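The values are calculated or read from the model by the stated rules, or taken from the named source; none is laboratory data. These figures come from a predicted structure and were not determined experimentally. Because the Cβ atoms are built from the backbone with ideal geometry, glycine has one as well, and the counts that use them run over all protein chains shown. With ligands, DNA and RNA removed, areas are computed over all heavy atoms of the protein, side chains included. Shrake-Rupley method; radii C 1.70, N 1.55, O 1.52, S 1.80 Å.
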Amino acid sequence: MSNIISTIDFNSTTTCNQSNPTHQTHPHNPMDTTTAGKPSNGHRLVFLPLPYQGHVSPMLQLANILHSKGFSITILHTLFNSPNPTNYPHFTFLPIPGTGDELHSLIDLKNILRLLNYINADLVDPIRVCLNRLMLEEDGVACLITDVHWFGTQSVADDLILPRIVHRTSNISSFRSFVAPVLLRDKGSVRGCDEEVKSEASVSRLEPLKDKDLPKFLPNDPEGKYKILELTVKGIKQARALIWNTFKELEEHELEALSQDFPNPHFLIGPFHKFFPASSSSLLTQDQESLSWLDKHPPNSVLYVSFGSLVRVEESQFLEIAWGLANSKQPFLWVVRPGSVEGSEWLECLPDGFLERIVEGRGYIVKWAPQQDVLAHPATGGFWTHSGWNSTLESICEGVPMICSPSFGDQLLNARYVSDVWKIGVKLENGFERGEIQSAIKKVMADEEGLEFRNKIVNIKGKVNFCLKKGGSSYSSLEDLVNYILSF
Ligand code: UDX
């Protein structure tokens, strides 16, 4: 039984090595028991993730889940921010040529429109060549599964007569707001994405969202954003189905509403990361010392602070965060990603003596943490987060109440749902302000209200455990997805 890691040399004329076709079981995989409708080994799925941490992680988790169902997996990926193949010896990796330097120069979020235009125009032909080649191999390709943002690949799939399914890495609630500008304009509303609205008013048809929650980025190019959104919506409607990293019990009503505009089949099979123990899809090195540091603290006493892989803050905001943490008197584990503070490499802008007086003893600062393990640690009592969907879902799965500081895109919606709908945390409504931060930390970590958040989130955590078991909603939806792919 060979266990070949095959990062394919695109220019090589030899046939690429196929990953180990043997179905690999995992001791913690709750889905391993199924055999009904299982594909014959070698049935291949090709995945195409967007090269950001928050998109690569769930896509690789999804690939792992479908691999556990007997499919063989090829990951088509960009050279920049490429996943580490050694963590996935059971997959085949195929880099898209010419996706290093150009992509690197566009990866900053302020270039997101240019990046999306680039990958959906310039990269379409290289992707067509890759897919064509894979289809000619003995295994063929059963289905292409792309991030929704690769809308340009729909025409390639159509030309090659290859079924395409899309994966949206956020949840359904925030997706409704993400596509709202296009859907509202289609329905004759003048409200577009070109208005930077700060109003508290509810958005009609999208309650409980407030105007100020609607995604806003790139105010400098509203029509460019609208065009991209329009193409994304079109690409999703043309896809065979959507796969969601969420679960029915959390978003049943939102799914009903969404299905009116997107009648494609929807498969809610999350939370992906719970299918396996904490996985190694991290693109950065995780500081494992964080866990030994947590070991020294009593249950529910530590506030974990992390703003994900993309958010950047101004120096003044960073100082408010630091003083908010200092004044709270609460122990904290704080992830400060290098480069995440404008104008600083790492911690240089902290006031003199801050590290010695405040951090030592009560705090621990790292560059990147093993987040899933940190959230599962008994000492972790709260999570101050940017409300990225992966972070939010990971917190829900471990029953850790949240303080939300959303920055852009789906984060605003996730935060609104955490505070106003699921009521499992608070949202900092005025950005980073040390007084508000201090009282939010007290509320979540020490007050009666924090206990209520904890009870509610622990209750949802129970539903997660149930939905993954045989007969549960995600378990059944995964069965349906496998059978659906086999029906192509
Ligand atoms: C991006 C967007 O910002 C987010 O809004 C969207 O929902 C997904 O894409 P990101 O900012 O990275 O993602 O946030 P998030 O979705 O929360 O994903 C972060 C991932 O990195 C999580 O899986 C988390 O476990 C991991 N992480 C984070 C670590 O492993 N260590 C850390 O220190 C911080």
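Charge tally for CYS404 (other residues, Cβ to Cβ under 13 Å; Lys, Arg +1; Asp, Glu -1): -1.
When the residues PHE466, PHE307 are ordered by accessible surface, computed with a 1.4 Å probe over the protein chains alone, the sequence from largest down reads PHE466, PHE307.
Between GLU137 and GLN260, residue separation times 0.36 nm minus the direct Cα-Cα distance comes to 40.4 nm. Largest to smallest in accessible area, the residues HIS43, HIS377 fall in the order HIS43, HIS377 (1.4 Å probe, all protein chains included). Listed cross-link partners LYS110/LYS227; LYS274/LYS443; LYS367/LYS442; LYS443/LYS463 are compared with a 19 Å cut-off, the Cα-Cα value being larger for LYS274/LYS443; LYS367/LYS442; LYS443/LYS463. Within the full protein context, the accessible area of THR153 is estimated at about 0 Å² for a probe radius of 1.4 Å. Taking the charge dipole of the chain about its Cα centre, with +1 at Lys and Arg Cβ atoms and -1 at Asp and Glu Cβ atoms, the residue from GLN372, GLY140, SER405 reaching farthest to the positive side is GLY140. Computed about the Cα centre, the dipole magnitude for segment 289-466 is approximately 580 debye when only Lys and Arg (+1) and Asp and Glu (-1) carry charge, each at its Cβ. Counting charges near GLY270 (Lys, Arg +1; Asp, Glu -1) among other residues having Cβ under 13 Å from its Cβ returns a value of +1. Placing unit charges on each Cβ (+1 for Lys and Arg, -1 for Asp and Glu) gives the chain a dipole about its Cα centre, and among SER487, ALA446, ASN84 the Cα reaching farthest toward its positive end belongs to SER487. The order of MET135, MET445, MET402 by accessible area, most exposed first and with a 1.4 Å probe, is MET135, MET445, MET402.
Computed on segment 65-130, with alpha-carbon pairs under 8 angstrom and 6+ residues apart, the relative contact order is 27 percent.
The long axis of helix 448-467 is offset from the longest Cα principal axis of the chain by roughly 20 degrees.
Normalised by 2.2 N^0.38 Å, with N the number of residues, the alpha-carbon radius of gyration of the chain equals 0.96. For segment 418-483, the solvent-accessible area of protein heavy atoms averages 48 Å² per residue (probe radius 1.4 Å; ligands and nucleic acids excluded). For the chain, the fraction of 1.4 Å probe accessible surface lying on carbon and sulfur atoms is 51 percent. Between PHE408 and GLU356, the contour length at 0.36 nm per residue exceeds the Cα-Cα span by 15.4 nm.
Straight-distance candidates among the lysines for linking to LYS296, with alpha-carbon spacing under 18 Å and chain neighbours fewer than 8 residues away dropped: LYS329.
Measuring nothing but how far apart in sequence close Cα pairs (under 8 Å, 6+ apart) lie, relative to its length, the chain scores a relative contact order of 15 percent. So what is the relative contact order of segment 289-466, in percent, for Cα pairs below 8 Å that sit 6 or more residues apart? It rounds to 25 percent for segment 289-466.
Compared with the dominant principal axis of the Cα atoms in the chain, helix 124-136 is inclined by about 50°.
Its DSSP H runs of at least 4 residues, each contributing -39,500 (n - 2.57), put the calculated 222 nm mean residue ellipticity of the chain at -11500 deg cm²/dmol, to the nearest 500. Taking a straight Cα-Cα cut-off under 20 Å and skipping sequence neighbours fewer than 8 places away in the same chain, the aspartates and glutamates within cross-link reach of LYS212 are ASP194, GLU195, GLU196, GLU200, ASP221, GLU223, GLU254, ASP410, ASP420, GLU429, GLU433, GLU436. Multiplying the residue separation of VAL129 and HIS253 by 0.36 nm and subtracting their alpha-carbon distance yields 40.5 nm.
Computed with a 1.4 Å probe on the full set of protein chains, the accessible area for HIS149 sits at about 20 Å².
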